[in-house]
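Visitor: A single structure is presented below for examination.
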Amino acid sequence: MSKWYEKGVFYHMYPLGLTGAPKENSGADVTDRFEEMDQWIPHIRSLGCNAIYIGPLFESSSHGYDTRDYRTVDRRLGTNESFKSFVSLCHESDIKVVVDGVFNHTGREFFAFLDIAANRESSPYRDWYKGVNFGWNSPLGDSFGYEAWQGHYELPCLNLWNPDVKQYLFDTIRFWVDTFDIDGIRLDCANVLDFGFMKELRSQTSAMKDDFWLMGEIIHGDYNRWANPDMLDSVTNYECEKGLYSSHNDKNYFEIAYSLNRQFGNGGIYKNLCLYNFVDNHDINRLATMLRNRTHLYNTYTLLYTMPGVPSIYYGSEWGITGAKQGGSDAPLRPCLELGQIVEADEPLCTHIARLGMIRRSLPALQYGTYEQRLVKNEQFVFERAFNGQHVYTALNLSDHPEYVEFHVRNAPLTDLFTGTTFETNDGNLKLELPAFGARILVPPEDGARLAGAA
């Protein structure tokens, strides 16, 4: 039986940035910005997205990952009731909602940390954090030492071996499911989370809600260590994120073809996983900034939507907006945007991405299909996705002029979903012209007619 996330097309929202919330939480009265986010739901649906990853959401001191209170929505965004309403509106539009689970660390204003600061050795929470040492002061002036995430002492690391800490976090997730009806969690810093904790988390959440999705933020390593039947459903596919843009910059499709074949080809190490694919997010530069030629935006997104795994669009990137870290700050990656008021909006790109969303959600071969390369050249790339007798071919050309390609296909004729053109084959070989900087998604004519009617 298929899972909802296997058919997923995600939209990634960083709400503190999207809504222009203050950078620091002063503790002032609640300002409800969910009405602004509610307005994005029809747009997200129009892109063909059926899932939202939104976060961080809960009360924090600054950027959202220095949590003050896991069970209260950040006052800069709104209230628990307004987030509950947002999730309800999403569900009415058949959109699942996944939130950030920031369980590796808290902020220094979290209740357990404050209690240790006040009561030191006599605090009942002294074992809630890693490496608590009352023999030295932290670099931030705390009267005790502790382990911090990557040396950032504003982010003290929770002790996930402590049964009380684990139970508190499991109870928190139960609260999120019961109060907000969320559909999954993206685990922040999953690469440093305790494996035993994640196994217990899988067991706990499976009992809370059917098909509850757990996805981990992983940058390096063997993804099978985290994504397996005992732990997480998926992880972030950073390996392909780099290849998706640099293959175009370097005019070298061999790079992304190597990664895709390594991951998903015959004998591929991740062929049984449904990885979370993306080209940018709240931590890395926007795709439109990374590409040397903006024309390659179209092929890059065509690749993202037709390769194995789950595609995700980061808010604003559907219009090709730019953004790069400056002086170590992520703020330029997380801008305030207002629908209809985006200055550098590339509407044709947005239309292209919406078309890709509809195509992916309509073709089981793109959701579950096997992956096989048909042709790889520096500037041309063709691969096949197949499932239950359905065969879909993606053919890409990154050259600045049209190019002919010839490759073997399993069925004929084939219709290009972008133009409606139908191509005949010769003894199982298909020869066709690819447009400059362009692509074709080729399917049997009956699938082409069905998708044309749904457009």
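The values are calculated or read from the model by the stated rules, or taken from the named source; none is laboratory data. The model shown is predicted, which means the values in this text are computed figures rather than measured ones. In this analysis, Cβ positions are derived from the backbone assuming ideal geometry, glycine residues included, and neighbour counts consider all displayed protein chains. Ligands, DNA and RNA are excluded from the accessible area calculation, which covers all protein heavy atoms including side chains. Shrake-Rupley method; radii C 1.70, N 1.55, O 1.52, S 1.80 Å.
Visitor: What are the residues whose amide H is under 5 Å from the amide H of TRP213, where those residues sit 5 or more places off or on another chain and H is modelled from the backbone?
Guide: Amide H neighbours of TRP213, under 5 Å, 5+ apart: GLY184, ILE185.
Visitor: In whole Hz, what ³J(HN,Hα) sequence does the stretch 274-286 give by Karplus (6.51, -1.76, 1.60; θ = phi - 60°), x for Gly and Pro?
Guide: 10, 6, 8, 9, 7, 10, 7, 7, 6, 10, 10, 4, 4
Visitor: Amide H neighbours of CYS189 under 5 Å, counting only residues 5+ apart in sequence or on other chains, H built in-plane at 1.01 Å?
Guide: Long-range HN contacts for CYS189: GLU217.
Visitor: For helix 253-264, report the angle its Cα long axis makes with the longest principal axis of the Cα atoms of the chain; keep it between 0 and 90° and round to the nearest 10°.
Guide: For helix 253-264, the angle is close to 70 degrees.
Visitor: What residues from the stretch 269-296 fall in the zone where the backbone N is under 18 Å from a label point 7 Å along the Cα-to-C-beta line of HIS152?
Guide: Under cut-off, by backbone N: 281-286.
Visitor: Could I ask something else about it? Short version: ³J(HN,Hα) in whole Hz for each residue of the stretch 38-49, in order, from phi by Karplus 6.51 cos²θ - 1.76 cosθ + 1.60 (θ = phi - 60°), x for Gly and Pro, what are they?
Guide: So the J values, rounded to whole Hz, are 4, 5, 7, 4, x, 5, 4, 5, 5, 7, x, 7.
Visitor: From the protein chains alone at 1.4 Å, what is the descending order of accessible area for LYS130, LYS96, largest first?
Guide: LYS96, LYS130
Visitor: How about the stretch 1-64: which GluC sites (Glu not before Pro) there are in a DSSP loop, with at most 15 other Cβ atoms within 10 Å of their Cβ? Don't jump to the answer; show the numbers that get you there.
Guide: Working: sites: GLU6, GLU24, GLU35, GLU36, GLU59; in loops: GLU24.
Loop-located and lightly packed - GLU24.
Visitor: So what does TYR276 come to for accessible area, using a 1.4 Å probe and Å² rounded to 10?
Guide: Accessible area, nearest 10 Å²: 10 Å².
Visitor: If I take every Cα pair under 8 Å that is 6 or more residues apart in the chain, average their sequence separation and divide by the length, what percent do I get for the relative contact order?
Guide: Reported relative contact order: 13 percent.
Visitor: If you stretched the chain out fully between GLN326 and SER203, how much longer would it get, using 0.36 nm times the residue separation minus the C-alpha to C-alpha distance?
Guide: Residue separation times 0.36 nm, minus the Cα-Cα distance, leaves 40.2 nm.
Visitor: Here's a follow-up. According to the Cα gyration tensor, what semi-axes, each the square root of 5 times an eigenvalue, does the equivalent ellipsoid of the stretch 384-455 have, listed from largest to smallest in whole Å?
Guide: Working: eigenvalues 75, 47, 22 Å².
Each semi-axis is √(5λ); the values are 19, 15, 10 Å.
Visitor: Mind scanning LYS96/LYS199; LYS23/LYS166; LYS3/LYS251; LYS3/LYS242; LYS251/LYS271 and naming the pairs with a C-alpha gap bigger than 32 Å?
Guide: LYS3/LYS251
Visitor: OK, next. Could you sort 329-342, 151-164, 280-293, 353-366 so that the peptide with the highest average Cβ count within 10 Å comes first and the rest follow in order?
Guide: Highest-to-lowest ranking by the protection proxy: 353-366, 280-293, 151-164, 329-342.
Visitor: Non-local amide H neighbours of ARG374 (under 5 Å, H modeled in plane, Pro and chain starts lacking H): which ones?
Guide: Hits under the 5 Å cutoff: VAL382, PHE383, GLU384.
Visitor: At 0.36 nm per residue, and after removing the present C-alpha to C-alpha distance, how many nm does the segment from PHE111 to ARG262 gain when stretched out fully?
Guide: Working: separation 151, 0.36 × 151 = 54.36 nm, distance 4.58 nm.
This chain segment gains 49.8 nm when fully extended.
Visitor: I'd like the distance separating the alpha-carbon centroids of the stretch 49-96 and the stretch 367-435, in whole Å.
Guide: The stretch 49-96 and the stretch 367-435 have Cα centres separated by 41 Å.
Visitor: When a/c is below 1.5 the answer is rounded, else prolate if a/b is larger than b/c, else oblate, so apply that to the chain with a ≥ b ≥ c taken from the square roots of the Cα gyration tensor eigenvalues. List each step's numbers first, then the result.
Guide: Numbers: a/c = 2.05, a/b = 1.90, b/c = 1.08.
Prolate shape, in that a/c is at least 1.5 and a/b is the bigger ratio.
Visitor: Something else about it: Using Cα centres only, tell me the gap between the stretch 261-332 and the stretch 109-166 in whole Å.
Guide: Here the two parts' Cα centres lie 36 Å apart.
Visitor: Can you give the angle from 0 to 90° between the axis of helix 445-454 and the longest principal axis of the chain, with both taken from C-alpha atoms, to the nearest 10?
Guide: 50
Visitor: Leaving out ligands, DNA and RNA but keeping every protein chain, what accessible area does PHE58 have, in Å² rounded to the nearest 10, with a 1.4 Å probe?
Guide: Roll a 1.4 Å probe over it and PHE58 shows about 10 Å².
Visitor: Right, something else. Leaving out ligands, DNA and RNA, what percent of the accessible area of the stretch 14-122 is carbon and sulfur, probe 1.4 Å?
Guide: Carbon plus sulfur share of accessible area: 47 percent.
Visitor: Then there is this: With θ set to phi - 60° and the Karplus curve 6.51 cos²θ - 1.76 cosθ + 1.60, what are the ³J(HN,Hα) couplings of the stretch 328-345 in order, to the nearest whole Hz, using x for Gly and Pro?
Guide: After applying 6.51 cos²θ - 1.76 cosθ + 1.60, I find x, 8, 8, 3, x, 7, 10, x, 7, 10, 10, 3, x, 10, 8, 4, 9, 5 Hz.
Visitor: Given the whole protein assembly as supplied and a 1.4 Å probe, what does the accessible area of ASP222 come to in Å², nearest 10?
Guide: My reading of the accessible area for ASP222 is about 70 Å².
Visitor: Another question, if that's okay. Please report the carbon-and-sulfur percent of the accessible area for the stretch 300-417; probe 1.4 Å, protein heavy atoms only, DNA, RNA and ligands left out.
Guide: Carbon and sulfur together cover 48 percent of it.
Visitor: Count charges around ASP346 for me, please; just the other residues with Cβ under 10 Å from its Cβ, Lys/Arg as +1, Asp/Glu as -1.
Guide: -2
Visitor: Now, a different point. In nm², what is the average projected area of the convex hull enclosing the Cα atoms of the stretch 262-413?
Guide: For the stretch 262-413, averaging the hull's shadow over all directions gives 10.9 nm².
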